[in-house]
Amino acid sequence: MIRMKTFLMLGILFFPAALLAEGERPAPKPGMQVEILREVAIQEGGRKKPFDTFARETVRTITGREKFQGFDPIELIYSWLTQTKAWEKLPILDAGFKPLQEQVGLKPTDGRVAPADLAANQEFQLFMQTVAAKQQEGASLSEIERHAASLMQRLNLFYTIASGSALTMIPQAGGHWESLEKLAERYPNLSAMQAAPTADAKIAGAVQGSLAAYFQGDAALFGQMAIMMRDLLKEQGQIVKDYPSAQDLHREIRLNTVKPFRLAWLGYALAFFLLISSLWMKGKGLYWVGMGLLALSFGVHIYGFVLRMLISGRPPVTNMYESVIWVAFGVVLFALIFEAVYRAKIYAVAAAALATLLMVVADSVPSILDPAIDPLVPVLRSNYWLTIHVLTITLSYAAFALALGVGNASLGYYIFKPQAKERIERLNYFLYRSMQVGVILLAAGTILGGVWANASWGRFWGWDPKEVWALIALLGYLAILHGRFAGWLRGFGLALGSVLAFLLVLMAWYGVNFILGVGLHSYGFSSGGATGMATFVGIELLWVGFATLRYKMLFKPARVPAMGRSG
């Protein structure tokens, strides 16, 4: 039997934020069984998802991290609900973009600002008026303006969480669920023991009871109230016939907790060290162990994709995060195929290195590469075209990325082991095969994109920046392959071209969406990552420059003395 607590009868409001002592810093409360609430469903952005997913995404969006200051994401949501006044004075909003800090005079702590400070910053508010006006006019935003808009969204999200308006958890007939804020307006002061026999009143009592129990640090009562809240919400959802199945909820929670893509890159990293070590060791034992680990990690990678596809009901290539992990998948897929054919070793080494790099990037910058599963924009709501066009294009990126890895290895041999001519010739042959596969896929994907554009926008080709850069990348690789076929490019030139041409792919893949930010492909636009991308490009250009200089020095043709009179 649920114990009756005196504090439930003391007029505690639905969200008792004002009761926290001034200056007290919130901390996790021991024994709170928040895992009970993980499988509670919540409606957000047209999708019904577990509260576990909602909490993780919300905390990640606001703070830039999935777990913040030792809080479980669900407990942090509860803390924001019940201790708002304390939290709004603490630096929790991710505001790490330095040009914006300088523009509006922000003084972040560890890259974050307090909601109260941001709300009181007049320069930021004036700047946001300009941004809002441009958004209403449909004008494109600069990078600093996009970051400002994102920061404003974080501020608004924090306060909608604190008010309960973002927590649409009460199933209603017709598909539009009710928020905790609306429920609180109807039942402002109701304990679980006072609840009338109506479904809404029972839910309101359970929610208020869980909030009050959390606020008072009563772990036992919180667990009881959480169970009651979970069961009542599920029962209400079944009554209105609008609630996700337990299987769907558990599947998504499994994706959140197992984190298969993180496990995959850890496996890829270990496989890389084993495989690269096998290049200098006699025998094939270490190579086969590395290949086995690479294949096992690839299986975990596939498992993650299967979970995402079952959850979203679509191919996993609808945003930049998904495209990055898909390209990593494609790199390993092509490497395994080429290794089966050629037993080259270098394909596996390059693929393990590239897959690790791509997966680490996807896993470590969630504020830039958002892993959230969101509903599709209308233009993408065609699984047929989404599958054959986007998967084809991104698989071409994977083939070119593999060529990049092999090309860098080839340049390394030219510089440090130029006497290994047979090895260099084999590397360049493997490089050529990778580029051929990429060109075929990119050409097919570009044509299929035009067919889809004709179906969606009424024209096959419109010189949209995304279309233009895809064409530029295709022409760049075609020029390299043609140069090799015609004899204009030899081995070193082919390796050099594979590295430089991939920069065109980066522009089509990342640059259009994150730097230019214009065109009909606006559903893919975002911001951030420019420093990391510029660093990668700079390193590749320095490597190419160094390789070219060394190549000219090592392979400089002998100078023949000029004929002339002696004496």
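Helix-derived [θ] at 222 nm for the chain: sum -39500 (n - 2.57) over DSSP H runs of at least 4, divide by residue count, nearest 500?
Details: 20 runs with 351 residues, N = 567.
For the chain, the value works out to -21000 deg cm²/dmol.
Which of rounded, prolate, oblate describes segment 411-479, given a ≥ b ≥ c as roots of the alpha-carbon gyration tensor eigenvalues and a/c under 1.5 marking rounded, otherwise prolate only if a/b is larger than b/c? Mind dumping the intermediate values first?
Numbers: a/c = 5.96, a/b = 3.29, b/c = 1.81.
Because a/c hits 1.5 or more and a/b exceeds b/c, segment 411-479 counts as prolate.
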Point to revise | Sequence-distant residues sharing a close amide H with Ile42 (under 5 Å, placed H) | key: Lys49, Phe51
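What order do you get for 156-167, 334-345, 237-248, 209-220 when each peptide is scored by the mean count of other beta carbon atoms within 10 Å, highest first? All intermediate terms of the calculation are to be shown ahead of the outcome.
Numbers: 156-167: 18.7, 334-345: 16.9, 237-248: 14.0, 209-220: 21.1.
Ranking the peptides 156-167, 334-345, 237-248, 209-220 by packing returns 209-220, 156-167, 334-345, 237-248.
Please say if segment 45-177 is rounded, prolate or oblate, where rounded means a/c under 1.5 for a ≥ b ≥ c the square roots of the C-alpha gyration tensor eigenvalues, and otherwise the choice is prolate for a/b larger than b/c and oblate otherwise? Before the final figure, lay out the partial values.
Details: a/c = 2.08, a/b = 1.33, b/c = 1.56.
In terms of gyration-tensor shape, oblate.
Given the peptides 390-398, 281-289, arrange them by the average over their residues of other C-beta atoms within 10 Å, most packed first. Intermediate results must be reported in sequence, preceding the final value.
On the way: 390-398: 23.1, 281-289: 12.4.
Top to bottom by mean Cβ count within 10 Å: 390-398, 281-289.
Does segment 334-480 come out rounded, prolate or oblate by the C-alpha gyration tensor, with a ≥ b ≥ c the root eigenvalues, rounded set by a/c under 1.5 and, if not, prolate when a/b is larger than b/c and oblate if not?
Details: a/c = 2.48, a/b = 1.70, b/c = 1.46.
Prolate is the answer for segment 334-480, as a/c is 1.5 or above and a/b outweighs b/c.
Using a 10 Å cut-off on Cβ atoms, rank the peptides 97-105, 82-90, 444-452, 417-425 from the highest mean neighbour count down. Don't skip to the answer; put the middle values down first.
Working: 97-105: 15.9, 82-90: 20.0, 444-452: 17.9, 417-425: 12.4.
Averaged packing, sorted descending, gives the order 82-90, 444-452, 97-105, 417-425.
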Point to revise | Stokes-Einstein diffusion coefficient of the chain, Kirkwood radius over Cα pairs, 10 °C, 1.306 mPa s, in µm²/s | key: 59 µm²/s
Review point. Amide H to amide H, which residues 5 or more places from Ile170 or on other chains are under 5 Å from it, using H placed in the peptide plane?
Key: Glu178
Exercise for review: Could you check how much of the accessible area of segment 23-68 is carbon and sulfur, as a whole percent, using a 1.4 Å probe?
Suggested key: 45 percent
Check your understanding: Can you give the three extents of the C-alpha atoms in segment 119-177 along their principal axes, from longest to shortest, in whole Å?
Key -> 41, 27, 15
Review point. Expressed as an acute angle from 0 to 90° and rounded to the nearest 10, what is the orientation of the C-alpha long axis of helix 73-82 relative to the principal long axis of the chain?
Key: 40 degrees
Point to revise | Average accessible surface area per residue within the chain, 1.4 Å rolling probe, Å² | key: 46 Å²
Exercise for review: Go through segment 43-56 residue by residue and turn each phi into a ³J(HN,Hα) via Karplus (6.51, -1.76, 1.60, θ = phi - 60°); whole Hz please, and just put x for glycine and proline.
Suggested key: 9, 8, x, x, 10, 9, 9, x, 4, 4, 5, 4, 5, 4
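Hey, could you grab the Kirkwood Rh for segment 249-327? Inverse mean 1/r over distinct alpha carbon pairs, Å, one decimal.
Numbers: mean 1/r = 0.0727 Å⁻¹.
So the Kirkwood estimate lands at 13.8 Å.
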Revision key, fill the gap. Under 5 Å from the placed amide H of Gly96, counting only residues 5+ away or on other chains, we find none
Practice item. Starting from the Cα of Lys85, draw a straight line to each of the lysines and keep only those under 24 Å, dropping any in the same chain fewer than 8 residues away. Key: Lys29, Lys67, Lys107, Lys182
Exercise for review: Could you go through segment 259-267 in sequence order and give the Karplus-derived ³J(HN,Hα) for each residue, using 6.51 cos²θ - 1.76 cosθ + 1.60 with θ = phi - 60°, rounded to whole Hz, and x for Gly and Pro?
Suggested key: 6, x, 5, 5, 4, 5, 6, 5, x
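Rounded to a whole number, what % of the accessible area of segment 418-518 do carbon and sulfur atoms account for, probe 1.4 Å? Display every interim value, and only then the final one.
Working: 3080 of 4520 Å².
Carbon and sulfur together cover 68 percent of it.
The values are calculated or read from the model by the stated rules, or taken from the named source; none is laboratory data. Source: prediction; values computed, not measured. As a convention, Cβ positions derive from the backbone with ideal geometry for all residues, glycine included, and neighbour counts pool all protein chains shown. Quick note on the areas: whole protein, heavy atoms, side chains included, nothing else; ligands and nucleic acids left out. Shrake-Rupley method; radii C 1.70, N 1.55, O 1.52, S 1.80 Å.
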